[in-house]
Amino acid sequence: MNLSEKNIWLFGAGGACSWILSGFKREGVSIKGILDDNPNAFNSSYNIPVYTTCSSNITQQIKENDIIVIAILNANVNIEKITNKLKSCGWKTVIEYGDFVELYCKQTQKNVSPIDSTSWINRKKELKGIKNILADDVSIMVLESFVEFVEKGKNLFLPITSNQYFPKNLKRWNEKLNFIDCGAFDGDTLLELQKEGYKINSVHAFEPDIHNYKKLTQTCKNIQNSHAWPCGVGDKNESIRFQTQDNMGSFVDPNGNSVIQCVKLDDCLPNYEPNLIKMDIEGYEFSALCGAENMLKTFLPGLAISVYHLPDDIWQIGLYLHKIYGNKAKFYLKNHSRTIADTILYVVPN
């Protein structure tokens with residue numbers, strides 16, 4: 001099967017779609033269209049038509065000759081069920097995203113991974129440095145597999161760790177939490193905290209997408225001493241443009257469809273003593289950590305930080321935090337989704 005000769009379609013218009021599309025766009029690979037049971041889920045600047053899964057607008061000839069890639073990275077989604085549904089709708093060639101990236105890279109030497117490894121050429125020292133600070137063999141394996149996917153498109157099918165932000169194979173966070181949630185979405189992590197049996201002393205949750213923020217405020221109403229902030233988090237107090245997606249994929253964009261307020265944690269919470277900070281803010285993690293440097297140095301909170309959005313995050317964030325924590329914490333990498341999505345750096349104080 002020669003993929004370069006086929007038109008490419010994607011299935012899955014949710015939060016991962018824009019991130020996946022960025023790799024195709026970088027390599028100049030066009031996408032014919034997107035399918036989803038809920039076509040209204042896709043809200044992006046990419047000019048790509050979106051259809052329902054078995055839309056009558058897609059001819060049987062298209063389904064026979066084109067290829068559809070399942071662009072869903074959530075480990076809890078049943079990919080086999082989706083594959084069977086697409087085939088029942090007439091699609092002949094259905095392939096999972098990670099498998100497609102590997103095969104397409106082998107055939108065309110174009111790696112459509114969302115992460116561009118170009119900036120890594122002169123960063124071998126840093127990549128080796130982050131490997132040296134990791135606390136166990138599993139973390140090293142996650143790092144090596146991450147690098148293989150980004151540099152060579154190899155999909156190594158690493159075991160996916162469950163319980164994102166609260167993995168069972170790490171020691172539990174402080175049982176009485178003062179929690180900062182950056183990229184709080186609709187409060188799903190707060191609900192997971194409760195499900196995991198943690199006592200929440202206080203919460204400061206930041207969510208700049210106004211649609212998500214409205215849902216977050218409803219979640220916070222049921223959690224004592226919780227505060228919802230309609231703000232982004234960074235290293236400056238400033239207004240910035242933002243692309244609202246109405247899902248988990250909203251992100252900072254100079255051409256975005258809205259303007260948000262961005263704040264420094266050191267400035268907006270100068271006397272707060274967190275013992276856990278989580279960040280999943282679509283590539284603003286390093287900036288946000290720099291804006292919380294005094295807080296980190298003073299209180300050494302536990303951290304759960306996404307490191308898969310930007311090329312340098314995988315090494316830059318860990319090495320920066322290691323300068324602050326040193327041997328006062330252990331560093332772990334966990335993979336919580338398909339391919340390299342939801343790769344989280346955990347900093348666990350001793």
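Structure data summary
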{"quantity": "Rounded to the nearest 10 Å², the accessible area of Arg26 at probe 1.4 Å", "calculated": "80"}
{"quantity": "Extension gain from Thr52 to Gln261, taking 0.36 nm per residue of separation minus the Cα-Cα distance", "calculated": "71.7 nm"}
{"quantity": "Efficiency of FRET between Leu191 and Asn74 - r from beta-carbon atoms, R0 25 angstrom, step 0.05", "calculated": "0.90"}
{"quantity": "Difference of contour (0.36 nm per residue) and Cα-Cα distance, Lys236 to Asp116", "calculated": "40.6 nm"}
{"quantity": "Proximal lysines to Lys128, defined as alpha-carbon separation beneath 22 angstrom and excluding residues fewer than eight positions away on the same chain", "calculated": "Lys152, Lys154, Lys323, Lys328, Lys330, Lys334"}
{"quantity": "Whichever lysines have a C-alpha closer than 19 Å to that of Lys6, once near sequence neighbours (fewer than 8 apart) are set aside", "calculated": "Lys25, Lys32, Lys63, Lys87, Lys92, Lys106, Lys110"}
{"quantity": "Dipole of the chain, positive direction: furthest Cα of Tyr332, Trp19, Phe299, with charges on the beta-carbon", "calculated": "Tyr332"}
{"quantity": "Reachable aspartates and glutamates from Lys264, criterion Cα separation under 18 angstrom, eight or more residues apart if same chain", "calculated": "Asp181, Glu207, Asp209, Asp235, Glu238, Glu273, Asp280, Glu282, Glu285, Glu293"}
{"quantity": "Carbon + sulfur, % of accessible area of the range 83-185 - ligands and nucleic acids excluded, 1.4 Å", "calculated": "51"}
{"quantity": "Percentage, to the nearest whole number, of Cα pairs in the range 151-243 over 22 Å apart", "calculated": "41"}
{"quantity": "Computed over the chain: relative contact order in percent, which uses C-alpha pairs under 8 Å that are six or more apart", "calculated": "16"}
{"quantity": "Cβ-placed point charges (K, R +1; D, E -1), dipole of the chain about Cα centre in debye, nearest 20", "calculated": "520"}
{"quantity": "Listed residues Asp209, Asp235 arranged by accessible area, highest first, probe 1.4 Å", "calculated": "Asp235, Asp209"}
{"quantity": "Diffusion constant of the range 1-98 at 25 °C, which comes from Stokes-Einstein with the Kirkwood Cα-pair radius and 0.890 mPa s, µm²/s", "calculated": "181"}
{"quantity": "Lys/Arg +1, Asp/Glu -1 at C-beta; the range 10-127 dipole; positive extreme among Val29, Ile95, Gln61", "calculated": "Val29"}
{"quantity": "Compactness index (Cα Rg / 2.2 N^0.38 Å), the range 196-239", "calculated": "1.29"}
{"quantity": "Range of Cα positions in the range 62-204 per principal axis (Å), largest first", "calculated": "57, 44, 25"}
{"quantity": "Computed over the chain, Kirkwood Rh from alpha-carbon pairs, angstrom", "calculated": "21.1"}
{"quantity": "Å² of accessible area per residue within the chain, as computed with a 1.4 Å probe and no ligands counted", "calculated": "45"}
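The values are calculated or read from the model by the stated rules, or taken from the named source; none is laboratory data. Small disclaimer: the values here were computed from a predicted structure and weren't measured. Because the Cβ atoms are built from the backbone with ideal geometry, glycine has one as well, and the counts that use them run over all protein chains shown. SASA here: full protein model, heavy atoms, side chains in, ligands and nucleic acids out. Shrake-Rupley method; radii C 1.70, N 1.55, O 1.52, S 1.80 Å.
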